[in-house]
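Only one structure is covered here, and it is reproduced in the block below.
The values are calculated or read from the model by the stated rules, or taken from the named source; none is laboratory data. The model shown is predicted, which means the values in this text are computed figures rather than measured ones. Reconstructed Cβ throughout: ideal geometry from the backbone, glycine too, with neighbour counts over all protein chains shown. Please note that ligands, DNA and RNA were not included when accessible areas were found on the heavy atoms of the full protein model with its side chains. Shrake-Rupley method; radii C 1.70, N 1.55, O 1.52, S 1.80 Å.
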Amino acid sequence: MRIVLLGAPGSGKGTQAKRLKVELGIAHISTGDLLRAAVKDGTPLGLKAKAVMEAGQLVSDQIVLGLLEERLAQPDTQSGFILDGYPRNLAQAGALDDLLARIRQPLDAVVKLNVPDADIVRRCELRFAQEHRADDNPATVRRRLAVYAEQTAPVADFYSRRGILTEVDGVGPIESIGDRVLDALRSRVRA
Ligand code: AMP
C-alpha cells in the first residue's frame, strides 16, 4: 500500500507511521527525518537546510524532492510506503504525482490526522522538553502552524477532490488513533 499521512506538525504523523510500518510491512519515509539526518551529517544539503528548518519554514521543493526520489529508489519501498511530511504544498503534491506516475507506483490513500491547534502546541512543548528539537520551541511552533495553514492545508483539498482523502480524529490514546487509521485504510482497500 502507498499512503500519504497528512497533519499539522505534532499531529502524530511520525508516531502513527511507525505503527503502520509494522502492521502493513511497508517503508516509513519521513522527509523531516531525512533532512535532520543530512543536517546531523553536515552534508552540503544539510547545511543549506539547517537555518530554514530552525526558522520553521519549508526547505526548498527541489532539495526535498531530490531526497525523496533517492529514498524511493531503495528496494524496501517496493512493498509500499507511508509518506510522512510530504507533500507540504501544492507544488510538491504535483511533483509527487509526476514522480509516482514515472515509477508506476500511484497512491492508494491519503490519511489526514485532525488535531486542534491547542493540543498541537501542548504536544510540541512536550516533545521540545523530551527530544530538544530546535523547531519545537513555542515561537517556531507558531510559525510552523502558520506555514501549515497557508501552504499544507490546501494539499488535503487537492486529494479530497481526487476522492482519496480520509480524515481521522487524531485526539485520544495513541493506540485508538492507530486503530482508527487502520480501519480507515482497510475500508478504503475494500471500497
Ligand atoms: P517534520 O519532521 O515533518 O515536522 O519536518 C521538520 C522540518 O523539516 C519542517 O518544519 C521543514 O522545515 C522541513 N521539512 C520536512 N519535510 C518537508 C517538505 N516536504 N518540504 C519542505 N520542508 C520540509
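Filtering segment 1-21 to residues that are away from the ligand (no atom under 12 Å from the Cβ) and either in contact with a strand residue (DSSP E or B) (Cβ under 9 Å, 6 or more places away or on another chain) or farther than 21 Å from ILE177 by Cβ (or both) leaves MET1, ARG2, ILE3, GLN16, LYS18, LEU20, LYS21. Taken as a whole, segment 143-161 holds no residue that is within 13 Å of SER11 (Cα to Cα) and of a type in the set (Asp, Glu). Return yes when ASP33 is open to solvent by 20 Å² or more (accessible area, probe 1.4 Å), within 15 Å of the ligand (Cβ to nearest atom) and on the phi < 0 side of the Ramachandran plot and no when it is not. Yes: the conditions hold for ASP33. Taken as a whole, the condition of being open to solvent by less than 50 Å² (accessible area, probe 1.4 Å), touching a Pro at 6+ places or on another chain (Cβ under 8 Å) and not hydroxyl-bearing (Ser, Thr, Tyr) applies to ALA93.
At least 3 residues being over 24 Å from ALA184 (Cα atoms) and not charged (D, E, K, R) is the threshold, and among the helices (runs of 4 or more DSSP H) wholly inside segment 114-174 those reaching it are 117-131, 138-147. Tell me which residues, restricted to segment 63-89, are aliphatic (A, V, I, L, M), open to solvent by 20 Å² or more (accessible area, probe 1.4 Å) and within 12 Å of the ligand (Cβ to nearest atom). Correct list: ILE63, LEU65, LEU67.
Restricting attention to segment 134-148 and to residues that are touching a Pro at 6+ places or on another chain (Cβ under 8 Å) and hydrophobic (A, V, I, L, M, F, W, C), the residue that is least open to solvent (accessible area, probe 1.4 Å) turns out to be VAL141.
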